[in-house]
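Asks: Pasting a structure here, questions to come.
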Amino acid sequence: MKLLKTVSELQFVLAEKRQKHGTIGFVPTMGALHPGHLALVRQAVAENDVVVVSIFVNPTQFNDKNDLLHYPRTLEADCEQLKDTGATIVFAPSVEEIYPEPDTRRFDFGNLATVMEGKFRPGHFNGVAQVVSRLFDIVKPDRAYFGEKDFQQLAIIRAMVKQLDFPVEIISHPIVREANGLAMSSRNTRLSPELRKNAVEISRILFESQKKKNQLSIPALKQEVIDRVNAVAGLETEYFEIIDGDSLQIVNDWNDSPFIVGCIAVHAGEVRLIDNVFFR
Ligand code: PAF
């Protein structure tokens, strides 16, 4: 496994690999890797000849400067974890490598970007689209892998790929959870032991809500989830939306869509966590 920090080094190595007609799998990350990321990397390794993992904390997607400042940066430990996954290249560029000039592009994702994360983190998805499109231009992957925890991000990336006509297949991977149900996240390391214990309630409440499909109306179920999460010490729901899994628009009746997803964002002390469940 090679650790490369510049675009020119990466492109030199990839040009050589591409000549051998292999497929390139790409796993973009912001580092602080956990088993959720490693599952993406392992799937990419199983499905491609060459796998690039990028580690880049993208400043343009943080609307909260404090969040950017405190985002965990653990390159050495990340490389250690990647060593036995079979990944070929770790690409860990500087901000200047990715943005030699400020990226002033403005994307329009319509209603996909106005709900949930888009509403509470203005500019976030524009930054995600900037960095992922830039990385796709650099890596030129055949397949790129994203986790379903960031459910809305996945929809935005699929829309971006369509808009910019990238010849890449977007592959999603189910949420990887701790044994107690907590969705794995780089942000979990910032939780105090007590909040980490209490945050487990988020997934427990979501799983219980899945069983209540068709027993409660969507508005009643939504309110119940919000009330139950808010009753846990240290947790405060920012939003819980029940949406159509393709359009991401809010549904009010269980019969309105064949693919319904419940997406939640919760403040656990200073840390903002997201999770989701499918109501099939
Ligand atoms: O999901 C993430 O970690 C980031 O949003 C991504 C896709 C790597 C872009 O910075």
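The values are calculated or read from the model by the stated rules, or taken from the named source; none is laboratory data. This structure is a prediction, so every number in the text was calculated from the model and none was measured. FYI the Cβ positions are ideal-geometry reconstructions off the backbone, even for glycines, and counts take in every protein chain you see.
Asks: Of the residues Asp165, Asp150, which single one is among the acidic types (Asp, Glu) and under 21 Å from Phe56 (Cα atoms)? Spell out the reasoning first.
Replies: Details: Asp165 fails: under 21 Å from Phe56 (Cα atoms).
Result of the check over Asp165, Asp150: Asp150.
Asks: Given the options Ser203, Ser209, Ser217, Ser247, name the one that is hydroxyl-bearing (Ser, Thr, Tyr), closer than 30 Å to Thr74 by Cα and either modelled with pLDDT of 95 or more or touching a His at 6+ places or on another chain (Cβ under 8 Å) (or both).
Replies: Ser203
Asks: Go through region 21-30 and give me each residue that's in contact with a strand residue (DSSP E or B) (Cβ under 9 Å, 6 or more places away or on another chain) and more than 13 Å from Val52 (Cα to Cα).
Replies: Listed by number, the list holds a single entry, Met30.
Asks: State yes or no: is Lys2 farther than 21 Å from Ile98 by Cα, touching a residue at least 40 places away in the same chain (Cβ under 8 Å) and in contact with a strand residue (DSSP E or B) (Cβ under 7 Å, 6 or more places away or on another chain)?
Replies: no
Asks: Would you be able to tell me the number of residues in region 126-153 that are more than 9 Å from the ligand (Cβ to nearest atom), farther than 18 Å from Ile98 by Cβ and surrounded by fewer than 20 Cβ atoms within 10 Å (Cβ to Cβ)?
Replies: 3
Asks: From the list Asn180, Asn198, pick out the single residue that is in contact with a strand residue (DSSP E or B) (Cβ under 8 Å, 6 or more places away or on another chain), of a type in the set (S, T, N, Q), modelled with pLDDT of 95 or more and away from the ligand (no atom under 13 Å from the Cβ).
Replies: The match here is Asn198.
Asks: Right, next: Restricting attention to helices (runs of 4 or more DSSP H) lying wholly within region 126-241, give those where 3 or more residues are in contact (Cβ under 8 Å) with a residue 12 or more places away in the chain and under 20 Å from the mean Cα position of the chain (by Cα).
Replies: Values: elements: 151-164, 193-210, 218-230.
Answer list for region 126-241: 151-164, 193-210.
Asks: Please verify whether region 87-97 includes one or more residues that are within 12 Å of the ligand (Cβ to nearest atom), surrounded by 14 or more Cβ atoms within 10 Å (Cβ to Cβ) and assigned to a helix (DSSP H, G or I).
Replies: So far as region 87-97 goes, no, none of its residues is within 12 Å of the ligand (Cβ to nearest atom), surrounded by 14 or more Cβ atoms within 10 Å (Cβ to Cβ) and assigned to a helix (DSSP H, G or I).
Asks: Right, here's the next one. In this structure, is Glu117 surrounded by fewer than 20 Cβ atoms within 10 Å (Cβ to Cβ), within 16 Å of the ligand (Cβ to nearest atom) and on the phi < 0 side of the Ramachandran plot?
Replies: no
Asks: Further, regarding this structure: Filter region 16-46 for residues that are on the phi < 0 side of the Ramachandran plot and at pLDDT below 95 and give the result. Before the answer, list the steps.
Replies: Taking region 16-46 as the starting set, the residues that turn out to be on the phi < 0 side of the Ramachandran plot are 16-20, 22-30, 33-46.
Glu16, Lys17, Arg18, Gln19, Lys20, Gly22, listed by residue number.
Asks: Looking only at region 12-30, filter to residues that are farther than 23 Å from Asp78 by Cα and assigned to a helix (DSSP H, G or I); which one of those is farthest from the ligand (Cβ to nearest atom)?
Replies: Among those residues, the one meeting the criterion is Gln19.
Asks: Could you list, in sequence order, all residues of region 46-64 that are outside any loop (DSSP other than H, G, I, E, B) and under 19 Å from the mean Cα position of the chain (by Cα)?
Replies: Residues of region 46-64 that are outside any loop (DSSP other than H, G, I, E, B), as a first pass: 46-47, 50-55, 59-61.
Result: Val51, Val52, Val53, Ser54, Ile55, Pro59, Thr60, Gln61.
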